[in-house]
Amino acid sequence: MLPLDSCAKATPSAIERLHACEIEEGPADAYCGKLAVWENRESKTGRKINLKIVIMPALSRKSSADPLFLFAGGPGQGAAKIAKNMGGAFRLVQDTRDLVFIDQRGTGDSNPLDCKGDEHDADDLNKALRLEVPLEVFRDCLKKYDADPRLYTTPVAMDDIDEVRRHLGYGQINLWGGSYGTRAALVFLRRHEDAVRSVILDGVAPPDMRLPLWFARDGQRSLDLTLDACTADPGCARRFPDLRGKVKQVLERLERKPRLKLTHPRTGETAEATVSREAIALVIMGALYAPATASLLPRLIEDAAGGNFEGLLALAFMGEASSDTGMSQGMFLSVACAEDMPRIQPADVAASAAGTFLGDAMFRTRMKACEFWPVGKVPPEYYQPVVSDKPTLVLSGRLDPVTPPAWGEGVAKHLSNSRHIVVPGAGHGASSAGCVPKLIRQFLEDGSAKSLDAACVEHVHRPPFFVTYSGPEAGPVPEARK
């Protein structure tokens, strides 16, 4: 743990170091800026990189001195890059606290380790539906980077964040992390505990998680919950009998006959394309992240079992139009190849993938680049549980396919002043579900989770299933959803 230096009060010094954001820089009424840091923090020689900063200032004149620093997911997503999207979920917090978004090194506008294929690939169905990311694309990206990918691990990045904190004049800060951002927050807590007032972890992915080893197992759990919920719903069960069998039927059909005649959901052109079992499995996995899209799965799986894959194909292209939420794939590899893959053995992959719809697809494709990606070092204690008595609110969505409640429970055991709240109807990310924003605000105001009345989360339910393309079955609202 590094010592906390003496800092002046944030307001107005933090804002004075930035400038009003231009339209292309960040949200309206926010402040933007950059801070140059050493890429090699240890030697303090060579290249410097700029870290992008966005602050959405507190709205009340009686604002608190301690801001909320927000860490994005991935790894590979830049918090400042998506501040416009993230900020809305924390409006209640912004009443009294600055919201601080920083593009972690290698993401967003902080010397991003972006790596993309041909931008026209999405127009070609065969290329767009190809699961394998060509390894030569990653090799080419490595040659073009003005960066040393070994220096983009989480511990190095968290020391960056503390330097930004000091540059802005903040003393103690509150942390919020979502998904991989929870790992970042935990690492910051361990390395800079004196600088932390409180922590919020949403969808916990701790340093010892071994990404993406457990995706197949946890994804299968989420799919099983969805299928069981359909079976328990009379309308869904009547329209889509034996849904579990139909998932198996769809995936086995693609193994035998992957060539399909499809209409491209973006261009409207019809063509034959190869649709692999793994590609559709990943579409199903992606739909499970949000209960709203998971509610479409029974209808789309039923259609696919009858030979119509258009609906599932449309899901695959849902996020294509927005580049602001794009991931820096090189930064993902710099983190996962250094921090996770060295601790994963082939036998681990086989065991975790057995009997799951997703299987070992991630390891046969995306993670192959770790065979040649430059690998950084992490401290020996990196994989030990983070132990702290700082007030911590741990949030988990019961339906989460990648960071289910078991991960939050495991981390909370070592945080003596923590409370773990499971939101029944939430998927990957619970901070904006139902009454949770109010709980977050109350937690930050009290500086403790012990007195929170969290009974309200029991009213957050899975949305009803779409039995037709128009929506749920017409009829009275079930008692549990009133």
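The values are calculated or read from the model by the stated rules, or taken from the named source; none is laboratory data. All of these numbers come straight from a predicted model, not from anything done at the bench. No Cβ is skipped: glycine too gets one built from the backbone with ideal geometry, and neighbour counts run over all protein chains shown. Areas reflect the complete protein model, heavy atoms only, side chains present, ligands, DNA and RNA absent. Shrake-Rupley method; radii C 1.70, N 1.55, O 1.52, S 1.80 Å.
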| Cα to Cα, under 30 Å, and not fewer than 8 places away if on the same chain: which lysines meet these conditions relative to Lys248? | Lys127, Lys257, Lys261, Lys368
| message | Along the charge dipole of region 345-404, pointing to its positive end and built from +1/-1 on Cβ of Lys, Arg, Asp and Glu, which listed residue (Ala350, Thr365, Leu393) has its Cα farthest out? | response | Thr365
| In nm, to one decimal, how far is the Asp148 label point from the Ser451 one, both placed 7 Å along Cα→Cβ? | 5.0
| query | Three principal axis extents, largest first, for the C-alpha atoms of region 338-482, in Å? | reply | 56, 46, 23
| note | Residues whose built amide H sits under 5 Å from the amide H of Ala30, excluding neighbours closer than 5 in sequence, are Cys21
| field | Karplus-derived HN-Hα couplings along region 22-29 (A = 6.51, B = -1.76, C = 1.60, θ = phi - 60°), whole Hz, x at Gly and Pro | value | 6, 4, 7, 8, x, x, 4, 6
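Are there trypsin sites (Lys or Arg not before Pro) in region 352-436 that DSSP marks as loop and that have at most 16 other Cβ atoms within 10 Å, and which are they?
Lys377, Lys413
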| request: Kindly identify region 126-219 as rounded, prolate or oblate by the Cα gyration tensor criterion: order the square roots of the eigenvalues as a ≥ b ≥ c, call it rounded if a/c is under 1.5, otherwise compare a/b with b/c, prolate if a/b is larger, else oblate. | output: oblate
| field | Computed over the chain: relative contact order in percent, which uses C-alpha pairs under 8 Å that are six or more apart | value | 18
| task | Only Cα pairs under 8 Å and at least 6 apart count here; give the relative contact order of region 340-482 as a rounded whole percent. | result | 17
| Dipole of the chain, positive end: most advanced residue of Ala14, Ala28, Leu70 [Cβ charges, Cα centre] | Leu70
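Run the numbers for Glu458 and Gln345: contour at 0.36 nm per residue of separation, minus the present Cα-Cα distance, in nm.
Using 0.36 nm per residue and subtracting the Cα-Cα distance, I get 36.7 nm.
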| Which ³J(HN,Hα) values in Hz, rounded to whole numbers, follow from the phi angles of region 297-303 under the Karplus curve 6.51 cos²θ - 1.76 cosθ + 1.60, where θ = phi - 60° and Gly and Pro get x? | 4, x, 5, 6, 5, 4, 5
| C-alpha center-to-center spacing [region 195-225, region 32-78] in angstrom | 24
| field | Separation in nanometres of the label points that stand 7 Å from Cα toward Cβ, at Thr267 and Thr231 | value | 4.2
| field | Cβ charges +1 (Lys, Arg) and -1 (Asp, Glu), total dipole of the chain, debye | value | 500
| request: Evaluate the Kirkwood expression for the hydrodynamic radius of region 32-114, namely the inverse of the mean inverse distance over all pairs of different C-alpha atoms, and round to one decimal in Å. | output: 13.5
| remark: Excluding ligands, DNA and RNA, the carbon-plus-sulfur percentage of the accessible area of the chain with a 1.4 Å probe reads 50
| task | Would you calculate the separation in nanometres between label points at Lys116 and Glu22, each defined as 7 Å from the Cα along the Cα-to-beta-carbon direction? | result | 1.9
| request: Could you provide, to the nearest whole Å², the per residue accessible area of region 332-482 with probe 1.4 Å? | output: 46
| Acute angle (nearest 10 degrees) that the helix 180-191 long axis makes with the longest principal axis of the chain, alpha-carbon atoms | 30
| Counted charge near Arg343, where neighbours are those whose Cβ lies closer than 9 Å (Asp, Glu -1; Lys, Arg +1) | -3
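Rounded to the nearest 5, what % of the DSSP beta bridges within the chain are antiparallel ones?
Counting DSSP beta bridges with both partners in the chain, the antiparallel share is about 45 percent.
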| Does region 371-425 come out rounded, prolate or oblate, given a ≥ b ≥ c as the square roots of the eigenvalues of its C-alpha gyration tensor, rounded meaning a/c under 1.5 and, failing that, prolate meaning a/b above b/c? | oblate
| message | Test of understanding: extend the Cα→C-beta vector of Val387 to 7 Å, then name every residue of region 169-207 with backbone N under 12 Å from that spot. | response | none
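What is the ratio of the Cα radius of gyration of region 197-246 to 2.2 N^0.38 Å, where N is its residue count, to two decimals? Write down the numbers at each step before the final one.
Details: Rg = 16.5 Å, N = 50, 2.2 N^0.38 = 9.7 Å.
Normalised Cα radius of gyration, region 197-246: 1.69.
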| task | Would you please state the base-10 log of I(q)/I(0) at q = 0.29 1/Å for region 395-434, with intensities from the Debye formula using one equal scatterer on every alpha carbon? | result | -0.92
| Rg/Rh ratio calculated on Cα atoms of region 219-299 (Kirkwood radius) | 1.01
| Which of the lysines could a cross-linker bridge to Lys413, judged by Cα under 24 Å and excluding same-chain residues fewer than eight apart? | Lys390, Lys450
| message | Apply the Karplus curve 6.51 cos²θ - 1.76 cosθ + 1.60, θ = phi - 60°, to the phi angles in region 291-296 and return the couplings in whole Hz, x for Gly and Pro. | response | x, 5, 7, 4, 5, 7
| field | Extreme residue, positive dipole direction of the chain, given options Gln384, Leu213, Cys141 (C-beta unit charges) | value | Gln384
| query | What accessible area per residue comes out for region 146-287, rounded to a whole number of Å², with a 1.4 Å probe? | reply | 35
| task | Tell me which residues come under 5 Å, amide H to amide H, from Phe71 once H is placed; ignore anything under 5 positions away on its chain. | result | Trp176, Gly177, Gly178
| field | For region 176-323: span of alpha carbons on each principal axis (Å, largest first) | value | 59, 38, 25
| message | With an 8 Å Cα cut-off and a minimum separation of 6 or more residues, compute the relative contact order for region 77-118 in percent. | response | 45
| request: Return an integer: the convex hull volume of the alpha-carbon atoms of region 305-409, in Å³ per residue. | output: 197
